[in-house]
Amino acid sequence: MRIILAAFMVRRCRVAADEGGAREMSDLLIKAGDDTARMDTHEVVAYLLARLGPTLTAYIASSRSRAMPARWATPPGERNHAEPSTEKARRLTATHTVFWLIEEAENDQVARNWLISANPRLDGITPAQLLREDQFGAVFRAADAFITDTYHA
């Protein structure tokens with residue numbers, strides 16, 4: 001399944017920010033969303049597994065099984081391949097967008113730490129928890145503020 005939700009989610013957040021008077025998302029965030037949208041679901045999951053591991057990937061997707069992300073990362077047509085639900089795929093896609101954005105601006109360790117650390121821009125909640133709860137706009141704004149060194153998300 002081709003992921004087409006990432007660019008839509010980023011653009012939807014951009015429109016919401018415009019309507020609310022907030023600043024626009026950076027071009028880097030838009031590019032991250034576009035690049036994610038061009039990836040197949042199994043590629044997105046494989047990327048996250050390599051950088052976050054099965055426990056955090058399953059947590060963000062809201063999967064009860066740590067083994068499921070490995071099945072989602074298996075290419076279609078291969079034994080043990082499984083497709084995540086639309087909701088889980090949306091969470092994984094949003095996570096990929098944010099992780100890729102921070103990894104490109106900083107590095108993979110900074111991106112991982114950013115996802116799992118309490119974030120003052122998010123009222124002390126971790127971005128991983130908000131991604132799990134489908135609060136993508138807040139996470140996109142916080143990630144954008146992080147990479148552009150602005151203080152308000």
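Of Thr95, Thr36, which residue is in contact with a His (Cβ under 6 Å, 6 or more places away or on another chain), surrounded by 15 or more Cβ atoms within 10 Å (Cβ to Cβ) and under 19 Å from Val139 (Cα atoms)?
Every option except Thr36 fails the conditions.
Name the residues in region 48-84 that are surrounded by fewer than 17 Cβ atoms within 10 Å (Cβ to Cβ), assigned to a helix (DSSP H, G or I) and small (Gly, Ala, Ser), would you?
Across region 48-84, the qualifying residues are Ala50, Gly53.
Among the residues of region 3-19, is there at least one that is touching a Phe, Trp or Tyr at 6+ places or on another chain (Cβ under 7 Å), at pLDDT 95 or above, surrounded by 14 or more Cβ atoms within 10 Å (Cβ to Cβ) and closer than 26 Å to Asn113 by Cα? Can you show your working first?
Just the residues of region 3-19 that are touching a Phe, Trp or Tyr at 6+ places or on another chain (Cβ under 7 Å), to begin with: 9-10, 13.
Remaining after also requiring at pLDDT 95 or above: none.
No, region 3-19 has no match at all.
In this structure, does Ala142 turn out to be at pLDDT 95 or above, among the aliphatic types (A, V, I, L, M) and either at positive phi or part of a helix (DSSP H, G or I) (or both)?
Values: at pLDDT 95 or above: yes; among the aliphatic types (A, V, I, L, M): yes; either at positive phi or part of a helix (DSSP H, G or I) (or both): yes.
Criteria met by Ala142.
In the list Ala89, Ala111, Ala118, Ala94, which residue meets the criterion of being over 16 Å from the mean Cα position of the chain (by Cα) and closer than 20 Å to Leu130 by Cβ?
Result of the check over Ala89, Ala111, Ala118, Ala94: Ala118.
The values are calculated or read from the model by the stated rules, or taken from the named source; none is laboratory data. Just so you know, these numbers come straight off a predicted model, no measurement behind them. Ideal geometry is used to build each Cβ from the backbone, glycine not excepted, and the neighbour counts take in all protein chains shown.
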